[in-house]
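Quick notes on the structure that follows.
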Amino acid sequence: MFGKINFHDEFYMKLKTLVLPITIQQFMLALVSATDAVMLGAVSQTALSAVSLAGQIQFVLNLFISGISAGCGIMAAQYWGKGDADSIEAVIPIALRTNLIFSGIFTLAAAIAPEMLMRIFTNEAALVTSGAEYLRAVAFSYLLCGISQIYLILLKNTGHAAVSSRISSTAVVLNIILNAVLIFGLFGFPALGIAGAAYATVTARLVELIWSYIETKRPSRVRVIWKKMFCRADRVLSKDFWRYTTPVLGAALVWGIAYVSYSVIMGHMGSDAVAANSITTIAKNMLSCLIRGVSGGAGVLIGNLLGAGELEKAKVYGSRLTHMAIAVGVATGGMLMLISPLIVKFAPLSETAAHYLQYMLLFCGFNIMAQSVNTTVLDGIFCAGGDSKFDMKGNLGAMWCFSVPFGFLVAFVLKFPVMVVYGIVNLDEIVKLPAVYLHYKKYIWVRNITRQEAKE
């Protein structure tokens, strides 16, 4: 499948500079979620549950931020490959302004009406009270996140992926350290409990934003020009931005709502199923970091080539990346299956939950194999060429025409066993594969979306 591999050729050398930083960044993000759960669980079950539910607000916001940032990244990668920094600096304010609107709304809602937000997810008074306390304290971080993600995506797509990863990873490490200090009251600080976790997040986000701002001010770096926020955007670039961003945003929302639906389905299968599913999700997120690294690297690498007009080279690299995604998926899924007995052994679960976990990890292993290919091709290769509509279509077909309705059917109408239900909702990536392959072979994604004359 790979032929003779020379890790010193141009493809692997370029990929190394992209994949490794993004993989490390993704691992650190997964790590902070895991440590948050451990630390808050040590405070109380209520604290853990409240922050977990409150975190759904950040999850929804991240769908918007990631969609806008991805659309910005599509154009930044291609115009960087073309060598047109001016057009990138014209596009960035459009994305930034949009992120500020979304993140500003979420910030105000969390600060002013946190109880109302918590009641969307629970009616338990203790959880509403604790969750509202957390949301008030963490609200400002939403605005900071909306801004910093544009800076980080700009750095990543303009030849500075390692810098972007270093900033994000450092912020995560700082978040973990401050969590311990502020939650438990170490080094003379007061023990703030649930509020401490929120203040740690705000501080880490602020450091992330300041550092990324400083990095874009260095010589020869593409900059974020804030005064353009208040100027009329270039009509052609603005049209292109929304043309490629809207489908990505739509795909993120379609996926996110379906993911929440999966949680609703499993949440009604009993506490043992919920506990086993939670452990499976953590294990999956920790092991899938390389998959997301390959996908992110693919998007930047292919985007740069297409923007530079090297279409045939992009096709060759696209084929190599797809093969690599298959290998990474098989290795990752196989590793999850291999270590599943250890995960089951050390997970603090009931006998029934441990039984569920054993088989959930096996199902998840096969899901990861398909996910690796789909993520690399859909989120990386297709989006790099502006072919962003197919991801939304794929999610609609696999998730909303198959996994979600059949999941609800077998869970609530037919009342099938837990493992049957879990297997159904985890078939989405496998169902999607044939359509992804057929679309890939059409090579619609092989196109330069930059404008020769962007400005009028």
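Key figures for this structure:
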read-out: Selected residue [crowded, with 20+ Cβ neighbours inside 10 Å and farther than 21 Å from Val222 by Cα] from Phe59, Phe64; value: Phe64
read-out: Which listed residue is modelled with pLDDT of 90 or more, surrounded by fewer than 24 Cβ atoms within 10 Å (Cβ to Cβ) and part of a helix (DSSP H, G or I), from Leu154, Leu144; value: Leu144
read-out: The stretch 199-242 - residue that is among the hydroxyl-bearing types (Ser, Thr, Tyr) and over 28 Å from Leu40 (Cα atoms) and, of those, farthest from the chain's Cα centre (by Cα); value: Ser220
read-out: Leu249 vs. criteria within 27 Å of Ser52 (Cα to Cα) and either surrounded by 19 or more Cβ atoms within 10 Å (Cβ to Cβ) or modelled with pLDDT of 85 or more (or both); value: yes
read-out: Selection status of Ile105, in a helix (DSSP H, G or I), within 25 Å of Ala298 (Cα to Cα) and within 23 Å of the chain's Cα centre (by Cα); value: no
read-out: Residue within the stretch 288-308 that is free of Cβ contacts under 8 Å to residues at least 60 places away in the same chain, among the β-branched types (Val, Ile, Thr) and either farther than 14 Å from Trp445 by Cβ or surrounded by fewer than 24 Cβ atoms within 10 Å (Cβ to Cβ) (or both) present; value: no
read-out: Residue check for Arg243: surrounded by fewer than 19 Cβ atoms within 10 Å (Cβ to Cβ), in the same structural domain as Phe382 (by TED's automatic domain parsing) and over 30 Å from Val38 (Cβ atoms); value: yes
read-out: Filter result (more than 17 Å from the chain's Cα centre (by Cα) and under 14 Å from Ile150 (Cβ atoms)) within the stretch 49-67; value: none
read-out: Unmet requirement for Ala132, which otherwise passes all of (1) in contact with a Ser or Thr (Cβ under 9 Å, 6 or more places away or on another chain); (2) at pLDDT 90 or above; value: (1)
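The values are calculated or read from the model by the stated rules, or taken from the named source; none is laboratory data. Everything numeric in this text was worked out from a predicted model, so none of it was measured. As a convention, Cβ positions derive from the backbone with ideal geometry for all residues, glycine included, and neighbour counts pool all protein chains shown.
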